[in-house]
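Have a look at this one.
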Amino acid sequence: MHWNNLDDFLSMGGYWLYVWGSFLVTAACVVIEVVVLKHADTDTRRRLKRMQQWETE
Amino acid sequence: MNLYHFSSPSTFYHLAGRLTPWFGWGAALLTAVGLYISFFVAPTDFQQGEAYRIIFIHVPAAWMSMFIYLVMAFWGAIGLAFNTRLSFMLARALAPTGAMFTFVALWTGALWGKPMWGAWWVWDARLTSELILLFLYVGIIALWAAIDDVRRGDRAGALLTLIGAINVPIIYFSVKWWNTLHQGSSINLMKAPSMAKIMLWGMLIMAIAAWFYAIAVTFVRVRRMILERERQTEWVKAILDTQVEAS
């Protein structure tokens, strides 16, 4: 462990903008992809189910 | 084991469904280990200070951006050659994740470039060819979206993917073929890596995590496509009957 305290860790030797800008944007991309995918999956299943009901009626 | 068995959408749907949680949770676990190494185990770089930690995502993302494209091209070629439905669906399912990794590679590269080179962006061969890769991904996704006839769209997208595949070796070898500002590769199959072992391990674990993640999201996406395209079949109707009520 080479960080003396939390401030030291967050400042990343003065490169905080670049390091955290990289890691956080990547995390955001992953979270957005997973959330969008989950919604799309639920929507598709609901829509197909509705279509199926219409066809049987 | 008969691989043709798994090329049937119904078989693959169930197989992918069983494997997705393993790859998803595997990716989460590997990311946790990779991040721990990236921030708490790997030492400060003697030249780049803490800014070098960006490589723990930049390099795996750049690898994935190229690798996913090649896998897409492979499935596109298989689809064109054998007219297998699942191959085209896999190619389509891979594209958004490939585009995401390409964007991440470019973004993190810019954030590393600014403190190290003094520029967010330069038009050198490596950066420019990677940007072309992003445009290819976006172009292929747009082409698929623009063609209503699914099977025609599949073939057109596969053809464009195959033509664009020439860009991947250009990206990979650009640092050798041209005099680029971007450094040459630190990891090479032919020689020992020019970086500390623990840094290499951190990067490799993050790369495997990215693989697992890409497989998990691709499986979820391809399962959705299978349901959509096979909706007239009895097995999909049976799945919809049970699953929607449960959710």
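The values are calculated or read from the model by the stated rules, or taken from the named source; none is laboratory data. The structure presented is a predicted model; accordingly, all values stated were derived computationally and were not measured. For neighbour counting, all protein chains shown are included, and Cβ atoms are generated from backbone atoms with ideal geometry for every residue, glycine included.
Just checking, how many residues over the stretch B:110-135 are aromatic (F, W, Y) and within 17 Å of B:A165 (Cα to Cα)?
Number of matching residues: 1.
Output the residue which, of all residues in the stretch B:61-101 that are among the polar types (S, T, N, Q) and over 8 Å from the mean Cα position of the chain (by Cα), is farthest from the other protein chains (Cβ to nearest Cβ).
If we take residues in the stretch B:61-101 being among the polar types (S, T, N, Q) and over 8 Å from the mean Cα position of the chain (by Cα), then B:N83 is farthest from the other protein chains (Cβ to nearest Cβ).
To continue, here is another question. Filter the stretch B:66-107 for residues that are assigned to a loop (DSSP other than H, G, I, E, B) and free of Cβ contacts under 8 Å to residues at least 24 places away in the same chain and give the result.
Within the stretch B:66-107, B:N83 is the sole residue that qualifies.
Suppose the filter is within 30 Å of A:F9 (Cα to Cα), in contact (Cβ under 8 Å) with a residue 40 or more places away in the chain, under 18 Å from the mean Cα position of the chain (by Cα) and assigned to a helix (DSSP H, G or I); does B:I55 pass it?
So B:I55 fits the description; yes.
How many of the residues making up the stretch A:33-57 are of a type in the set (D, E), more than 7 Å from chain B (Cβ to nearest Cβ) and either closer than 18 Å to B:Q48 by Cβ or within 25 Å of the chain's Cα centre (by Cα) (or both)?
1
Within 30 Å of B:A214 (Cα to Cα), modelled with pLDDT of 95 or more and more than 9 Å from chain B (Cβ to nearest Cβ): is that true of A:V30 in this structure?
For A:V30, the condition - within 30 Å of B:A214 (Cα to Cα), modelled with pLDDT of 95 or more and more than 9 Å from chain B (Cβ to nearest Cβ) - is not met.
Still on this structure: Condition first: facing chain B (nearest Cβ under 9 Å) and under 23 Å from the mean Cα position of the chain (by Cα). Now tell me which residues in the stretch A:3-27 satisfy that.
A:W16, A:L17, A:Y18, A:V19, A:G21, A:S22, A:F23, A:V25, A:T26
Return a yes/no flag: does the stretch B:190-213 have any residue that is of a type in the set (S, T, Y), touching a Gly at 6+ places or on another chain (Cβ under 7 Å) and surrounded by 20 or more Cβ atoms within 10 Å (Cβ to Cβ).
No: zero hits.
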